[in-house]
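Sharing a structure here in structure tokens format.
Any read-out appearing in this document is the output of simple, stated calculations on the displayed coordinates, not a laboratory observation. Quantities reported herein were computed from a predicted structural model and do not represent experimental measurements. Because the Cβ atoms are built from the backbone with ideal geometry, glycine has one as well, and the counts that use them run over all protein chains shown.
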Amino acid sequence: MEGKPLVLVGVGKVGIGIVSRIPGSARVYVDTDSRTLMGLEGTTVFIGAETGGTGTGKAPRKAYGMAQQERDAIHAALSGAEAAIVVGAAGGGTAAGASAVVAECAKEVGIAVAVFMLEPLGFEGQSRLAAAKQYLRLIEQHADALFVLPGKTCKEPIETEPTLSQRFAAIENGLLDILHTFRDCLDHGLDIGDFRALLESCGRAQIGFGSAKLEQGIELAFEAACRRSFLDIESFRVAQGLSLLVVAPPELNADDLLRVTRRLEGLVPNASLDTHLVAVPGADALCRVLVISRAIPAEVEAPTPDSVEQPSDEELVLNGVNLEVPTYVRRARLRML
Ligand SMILES: Nc1nc2c(ncn2[C@@H]2O[C@H](COP(=O)(O)OP(=O)(O)OP(=O)(O)O)[C@@H](O)[C@H]2O)c(=O)[nH]1
Ligand SMILES: [Mg+2]
């Protein structure tokens, strides 16, 4: 595992495409399709011999069975790491079916494991969504942390309907920001033990990423994490805990950080907040913030295009703080006081 404590695991074509864009990490690629495994830097695990190496044709059950046959290879690819982050698109047969097996194998070799699954988009149909949800429940049984990323993020332009490729790019870039930040946290001093403990406390969770220049202040990055990403701040209400990860230059103003943590604590008086600060030197470095809503009930899912309702002009006001309203949250007529 190249001596790296964190291993990124791409499962299926989309998961592999995303993980292959995070250089500097230990990477494992799992697929039933032999073509997507060609020319990758990292460890490949081919699980598709039974279907002739041509994928599953969107059949998670087949992928689940084939991954079970390759458990030894999956164990071998993961062993040596301390934590794994598994990435895939739940609308794909391979990602939906094999990710649960990968998560189970990770636990068997003693690794903390988080799974990031992209939800199918609304137009892919109810049966695809239902199959994805079924396998997400299976993944949840094995993974320490499960982040289901909605098919829409607020990074899309609000005034125009995005094209399909813009929508995919927004989702992928949002996830890449999160994965880069995790990697940088570990590369710059976050204890792997703390990272493991964080993942192990997540359960079903949501995550938001925001960034701002040092001179703009950490609060701006925090607000962006709450309004422009995969985080529905309604989940704060039901989360059993919140985590704040801050990656910033050492010149970060301590009072500004205190103000952010006070704001978060004010938002969730009944949930515990744990904060991790990682200082990264660099004159032009950004302040980056990850906000994680931990241990939320499964029924509080991040909104998807399917759940989008009539647009409304309501503003989101939380404990007197206007966080601006993400498009999808506004459309879901969310109002929190
Ligand atoms: N982010 C992103 N998602 C995509 C893209 N194309 C398709 N998707 C989504 O990904 C799902 C398909 O995932 P894949 O990774 O191709 O499937 P797979 O895991 O390889 O599974 P198989 O069905 O066995 O090929 C679709 O249901 C879409 O929701 C893309 O370019 N980017
Ligand atoms: Mg495929």
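Kindly state, as a whole number, the per residue volume in cubic angstrom of the convex hull around the alpha carbon atoms of segment 1-76.
Measuring per residue, one finds 83 Å³ for the Cα hull of segment 1-76.
Then there's this: Roughly what percent of Cα-Cα pairs across segment 84-184 reach past 16 Å?
58
Could you grab the Rg to Rh ratio for segment 133-264? Cα atoms only, Kirkwood for Rh.
Using Cα coordinates only, the ratio equals 0.97.
Oh, and also: Once you list every other residue whose beta carbon is under 11 Å from the beta carbon of residue 293, what net charge do they have if Lys and Arg are +1 and Asp and Glu are -1?
+1
In whole Å, how far is the Cα centre of segment 211-225 from that of segment 72-128?
32
Of 36, 94, 43, how do they rank once you tally other Cβ atoms within 10 Å and put the fewest first?
Fewest to most other Cβ atoms nearby, the residues stand as 43, 36, 94.
Full extension from residue 262 to residue 49: what is 0.36 nm times the residue separation minus their Cα-Cα distance, to one decimal in nm?
Full-extension gain reported as 71.3 nm.
Continuing with the same structure: Packing-wise, with mean Cβ within 10 Å as the measure, how do 18-29, 76-87 rank, highest first?
Put in order of decreasing packing, that is 76-87, 18-29.
Taking the highest mean first, how do the peptides 263-269, 97-103, 54-60 order by number of other beta carbon atoms within 10 angstrom per residue?
Ranking the peptides 263-269, 97-103, 54-60 by packing returns 97-103, 54-60, 263-269.
Taking the Cβ of residue 102 as the center, what net charge do the other residues with Cβ under 14 Å away carry, scoring Lys and Arg +1 and Asp and Glu -1?
Result for the neighbourhood of residue 102: -4.
When the Debye formula is applied to the Cα atoms of segment 6-151, each taken as the same point scatterer, what base-10 log of I(q)/I(0) results at q = 0.21 Å⁻¹?
Values returned for q = 0.21 Å⁻¹ are -1.29.
Let me ask something additional. Going through the cross-link list 4/62; 13/62; 4/107; 13/107; 107/133, which pairs have a Cα-Cα distance over 27 Å in this structure?
Flagged as over cut-off: 4/62.
Sorted from fewest to most neighbouring beta carbons within 10 Å, what does the list 274, 255, 31 look like?
255, 274, 31
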